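Notes follow the structure.
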Amino acid sequence: MLGVGMRSERAAGESFSSAFHRMDEMCNFLVILFAIAAASAAQNSDQTQYQGAQVLKLELKTDAQKSLIRKLQSDGKIEIWKRLSHGMVVDALVISSALTAVKDQLAKENVEVQVMIADVAKTIKTHNPPAEVKQEAAKRKQSSHRKPAAAIKIAGTYSLPFTKYNRLSVIYGYLDFLAKKYPTFCTVQRIGITGLGNAIKMLKITGSVKPAKLSFVIEGGIHAREWISPAAVTYVIKELVENRAVHAFAPKLDYYIIPVMNPDGYEFSHTKSRLWRKNRRDAMSKCPGVDLNRNFGYMWGGLGASDLLCDETYRGKSAFSEPESQAVRNVVTKIGNSAKAYITFHSYGQNILYPWGYDAILTNDSADLDKMGKKMAAGITSAGGPVYTVGNSAADMYAAAGVSDDFAKGGANIKYSYTIELRDQGRNGFLLPASQIVPTGKDAFAAVKAMSESGVSELANVSVLSSAWTREMSYFLFLLLAIAAASSTAAESSDQTLYQGAQVLKLKLKTDAQKTLIGNLQSEGKIEIWKRFSNGMVVDALVISSALTAVKDQLRKAKVEVQVMIADVAKTIKTHNPTSDVKRKQTPMKKGAKIKIAEIYNLTFTQYNRLSVIYGYLDFLARNYPAFCTVQSIGTTVLGTEIKMLKIAGSVQPANLSLVIDGGIHAREWISPAAVTYVIKELVENRTLYEFATKLDYYIIPVANPDGYEFSHTSSRFWRKNRRDPTSSCPGVDLNRNFDYMWGGLGASSALCSETYKGKSAFSEPESQAIRDVMTTIGTSAKAYIAFHSYGQQIIYPWSYKALLTNDSADLDKMGKKMAAAITSAGGPAYTVGNAAIVVYLASGVSDDFAKGGANIKYSYTIELRDKGASGFLLPASQIVPTGKDAFAAVQAMSLELIAGA
């Protein structure tokens, strides 16, 4: 599968990021495979199709290597089976005709290659002997003289083998046999009909307690080619029924078990194409089938799910468009509150994964899920099985939306919902030898047993879950906005009302339980996370006054180390960030006179200036330094505000060195426009002091988010986004998630109310469009890009969308350290240098990733300015000049290095 976590077969749909690389070419590859498969019977088809094909394990270390894999996939030369280690290890099927060329390309790029399967066709034939379609009824003839309650060896009676992979009719016959033999606790239900008319059958194993308070839903075979899944689930059934008397927990729960959720696809993988994954929707079309594990109606259509018919992860026309997913939905909703646990069995990888899968977000009870997952993993090893890794689906593997366990958790409110990826870890992949059925079945049963035994007490006390904390957080943010809008239109009175008595706390977390507490507090709207450091183990959080006492009590009980960073947010806003007057006076200046611009324009750096003041300053410079200063209107916001850029031209024309700088993309980060304005002042006012300044063209956008910046001055100090749809309940788009490089991936939200809402599409916003157009217009002369943000004192470089280094990361790190050294040499504090995703957090669709990957600007950075949390977003105005000097020192160091030929 990799239905939820690794989502093993993202084949075409996801590539390395589903939002960016939508591979149409892969459809053609799959169409060809299907056409070949449809031409003959299973064994002959697979022998023809996969003769000489190999499965390779590829270890990737650079971005160039990853790009090569994408290209090979798009060219139809490989099919991705599995991604491990955040995409740095890939299992890929290579068809024989492409094998030599593929290996040559991998060798040239120094990709480490290990052959996992040397001949796929041979492995299919020898490791997975096909079951006969017709089986003698006499072999599984039921012994009518036995009493219904007699203890018998069911497998012997029915002649059910676990030495080969059984066909659908054999599995279904077994279910029917059990219902007839054990009518007191076994019943077979037909819960749906597939598109081809096959029944979807479920076995209910009833507990002795009536009415049942504890129910456990288990399903397998959602992905057709994962044959070990139905086999393992059938083994679980055998244990729960045949050895019911041995397992004391079994009579205490009701089990609802669907061994083959995808009957049409499963049969097709036996008769036509061994590696078929989807169902058989529109079986006669060129691109048949829907990925059932992208078709569930919870966050349907998001990350890791494709809208392309030919993709392996095609999500379907709508949520629950398929009878198979409808059937599972109807089962779990009908069971209702008694459903306490859900496991979907997949292969391969040996992982126990819990929600959410749709994004790298923890549930508000993730500590409970992790604890139960580890109990299942321990149960497997205690039973003699291998190690199974436990973790969050999207965070530990990859995001995939519309998956079954996300729906079980978020849609059906089943607390303990999991995907278990069965054996192995890639040696055989989807072609696990039939000799591994019993050992893997024992793994599956050990997990079910551990869940059942530990859950008899724990599950009984499970209550219906609330929504995911991220959605509740959206409500909190909306509430803040509503309060701010209702109290006053003036910034000071609004903020005094909203943040009176609120505090900012620095929280040092050491345990998973403490992290879970923070998630719960956030979901309940009692705190708002400002910043995460040290991989989320240090958190700066805003706590509203009404919740302060309760929050501190909970933190103290959990032994969270707390430091008060801001004792009264409203007071700090008023005293540390005095609002500036909009009107400014300009003093006439004689042509050619050498003067201090600040004296002429009356531009102050003792307070945070409003947009009109900053824009007036840019216009003033253009009028008085026309030889090298020009102001360009590079776009217009949705509210009709200009987005202005100052170009400071070098003396060499045409320029071959350009540096792009922007600030203020996040409205509440007032120090950013202030520091960028200071950089402008230095580059223009003191141009003659800096020889480097005449050798480059500077394109500087001091306020990339004008509407948001003004709103943070007039209505809500901590507003972050732009002002898209300002009258809606959840206005605004996070502009730093709206750029079209890996747009829509981890760290970017599809929820309108979220602070990181990515927008309806990449570059949906005029502000991000404007920055894009500047970069693309400059072209190859653009050698560097810096986006100034706050806070944290960090110089970070791509990639942000994934914890992955660029292939020139050594150069980026070296340049970053030179900027950091320049800042300290100028009297500034230490700035940390490193990869964005590793040092800070994952974030997709950000500006410096686009600058690097979309506009090919080598030296692309985000610089998080002062401080480290003492003041946070409320940096005192007295820090504008010192922070401006930090920014200028970084720009100066970058400029000198570019001139030197870096």
Report summary line: For 867-877, 603-613, ranked highest to lowest by mean beta-carbon neighbours within 10 Å, the order is 867-877, 603-613
**Report entry** Separation in nanometres of the label points that stand 7 Å from Cα toward Cβ, at Gln500 and Thr824
**Finding:** 4.6 nm
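Please report the relative contact order for the stretch 808-902, taking Cα pairs under 8 Å with a sequence separation of at least 6, and give it as a percent rounded to a whole number. Please list the in-between numbers first.
Working: 59 pairs, mean separation 37.0, N = 95.
Worked out over the stretch 808-902, it gives 39 percent.
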Query - Separation of the Ser878 and Lys374 label points, Cα + 7 Å toward Cβ, nm - result: 4.7 nm
Report summary line: In order over the stretch 868-883: 3J(HN,Hα) from phi, Karplus 6.51/-1.76/1.60, θ = phi - 60°, whole Hz, x for each Gly or Pro, gives 10, x, 4, 10, x, 6, 9, 4, x, 4, 5, 9, 4, 5, x, 6
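In debye, nearest 20, what is the charge dipole magnitude of the stretch 684-784 about its Cα centre with +1 on Lys and Arg Cβ and -1 on Asp and Glu Cβ, if you could check?
Working: 12 positive and 12 negative charges, 42 e Å.
About 200 debye.
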Query raised in the report: Taking the C-alpha atoms of the stretch 349-465, how large are the radius of gyration and the largest Cα-Cα span, Dmax, in Å?
Result: 14.3, 41
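Given a 1.4 Å probe and every protein chain left where it sits, what share in percent of the accessible area of the stretch 281-416 is carbon and sulfur? Kindly include the intermediate steps, with their values, before the conclusion.
Values: 2030 of 3940 Å².
In the stretch 281-416, the share of accessible area belonging to carbon and sulfur is 51 percent.
In square nanometres, what is one fourth of the surface area of the convex hull spanned by the alpha carbons of the stretch 747-902? Don't skip to the answer; put the middle values down first.
Working: hull surface 39.0 nm².
Directional mean of the projected Cα hull area for the stretch 747-902 stands at 9.7 nm².
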Requested in this report: Rank Ser325, Ser306, Leu292 by how far each Cα sits towards the positive end of the charge dipole of the stretch 291-335 (+1 on Lys, Arg Cβ; -1 on Asp, Glu Cβ) and give me just the farthest.
Outcome: Ser325
Query raised in the report: Label-point separation (nm) for Ala248 and Thr184, each offset 7 Å from Cα along Cα-to-Cβ?
Result: 2.0 nm
Requested in this report: Report the FRET efficiency, 1/(1 + (r/R0)^6), for Ser321 and Glu59, where r is their Cβ-Cβ distance and R0 is 35 Å, rounded to 0.05.
Outcome: 0.35
Report summary line: For Ser749, other-chain or 5+-apart residues with amide H closer than 5 Å (H placed, Pro excluded) are Thr756, Tyr757, Lys758
Report summary line: Taking the alpha-carbon centre of each part, the distance from the stretch 503-558 to the stretch 407-459 in Å is 33 Å
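What accessible area per residue comes out for the stretch 658-794, rounded to a whole number of Å², with a 1.4 Å probe? List each step's numbers first, then the result.
Numbers: 3300 Å² over 137 residues.
Accessible area per residue: 24 Å².
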Report summary line: The answer for Met565, listing residues at least 5 apart or on another chain whose modeled amide H is closer than 5 Å to its amide H, is Val504, Leu505, Lys506
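The values are calculated or read from the model by the stated rules, or taken from the named source; none is laboratory data. Not measured: the values here are computed from a predicted model. Backbone-built Cβ (ideal geometry, glycine too); neighbour counts: all protein chains shown. Side chains included, ligands, DNA and RNA excluded: accessible areas come from the protein's heavy atoms. Shrake-Rupley method; radii C 1.70, N 1.55, O 1.52, S 1.80 Å.
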